[in-house]
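*Asks:* Dumping the structure here so I can ask a few things about it.
Please treat every number below as a calculation from the coordinates, not as lab data. This structure is a prediction, so every number in the text was calculated from the model and none was measured. We place every Cβ from the backbone using ideal geometry, glycine too, and count neighbours over all the protein chains shown.
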Amino acid sequence: MQLDDIRARIARAEADAARTPGSVTLIAVSKLQPPERVRAVLEAGHRTYGENRVQEAAGKWPDWCAEFDGVDLHLVGPLQTNKARQAMELFSTIHTLDRPKLARTLARLAQDLGRCPDLFVQVNTGAEPQKAGVLPEDADALITEARALDLPVIGVMCIPPVDADPLTHFRDLREIGARNGLAGLSMGMSDDFEAAIAEGATHVRVGSALFGARDT
Ligand SMILES: *Cc1c(COP(=O)(O)O)cnc(C)c1O
């Protein structure tokens, strides 16, 4: 199964970069995958999954969470404020905090719920108009604001532009994390997760290389 191959590639990339074995978390991005493929990876023992839509995740994960112990769900797609409560109930970690309004909504709901998922601030490192994420020049201010609201910000996340060399984006993200004292770096997908690990990724988000091409 592909899972063994991806795990081996992560382990090799950790070793090549003199990183601690097991220091990189594999988020298996299961969006739009046929259920039997996800089930196979669950049965192989993997527990950390990523979804990019709250609605899709809410439709399919509660049953699997009841069947398999210890499932850990990460939201890697954009979050609308009207879905924030549902997202906070479903996900252990949200990778897409990208604006002050969402930070204020999460802070208010955290008071209500008495807990809050771990958060990554998504940075639009390529400053692409159509893409979610705070602009690099506004990232420090958003991180400061989220911390002032007592939100548990643990890192930063990026999705490099499709046609760009991802390396400069990974480095820019690492720099933003470092100057804000954030240890978490959510970067690297199917085509570039090893390069991301070389640049310090702590969380890689791998979909198609693990499950196969998605239905679209
Ligand atoms: C779909 C998705 C991934 C996984 O992409 P692959 O190229 O299939 O590995 C990673 N991160 C985000 C935010 C995604 O939406």
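*Asks:* Looking at (1) part of a helix (DSSP H, G or I); (2) without any contact (Cβ under 8 Å) to a residue 60 or more places away in the chain, can you tell me which one TYR49 breaks?
*Replies:* (1)
*Asks:* Assess whether LEU3 counts as being within 13 Å of the ligand (Cβ to nearest atom) and either in a helix (DSSP H, G or I) or touching a residue at least 40 places away in the same chain (Cβ under 8 Å) (or both).
*Replies:* For LEU3, the condition - within 13 Å of the ligand (Cβ to nearest atom) and either in a helix (DSSP H, G or I) or touching a residue at least 40 places away in the same chain (Cβ under 8 Å) (or both) - is not met.
*Asks:* Considering only residues that are more than 12 Å from the ligand (Cβ to nearest atom) and over 12 Å from VAL71 (Cα atoms), look in the stretch 40-51 and name the one that is surrounded by the most Cβ atoms within 10 Å (Cβ to Cβ).
*Replies:* ALA40
*Asks:* Related question: Inside the stretch 118-134, can you point out the residues that are more than 12 Å from the chain's Cα centre (by Cα) and over 15 Å from PRO78 (Cβ atoms)?
*Replies:* THR125, GLY126, ALA127, listed by residue number.
*Asks:* Looking at the stretch 167-216, which of its residues are assigned to a helix (DSSP H, G or I), over 19 Å from ASP16 (Cα atoms) and within 16 Å of the ligand (Cβ to nearest atom)?
*Replies:* Within the stretch 167-216, HIS169, LEU173, SER208, ALA209, LEU210, PHE211 qualify.
*Asks:* Now a separate question. Would you point out the residue of the stretch 18-30, among those that are buried (at least 18 other Cβ atoms within 10 Å of the Cβ) and in a loop (DSSP other than H, G, I, E, B), that is farthest from the ligand (Cβ to nearest atom)?
*Replies:* ARG19
*Asks:* Looking at the stretch 105-118, can you tell me whether even one residue there is of a type outside the set (Asp, Glu), crowded, with 21+ Cβ neighbours inside 10 Å and outside any helix (DSSP H, G or I)?
*Replies:* Yes, the stretch 105-118 contains at least one residue that is of a type outside the set (Asp, Glu), crowded, with 21+ Cβ neighbours inside 10 Å and outside any helix (DSSP H, G or I).
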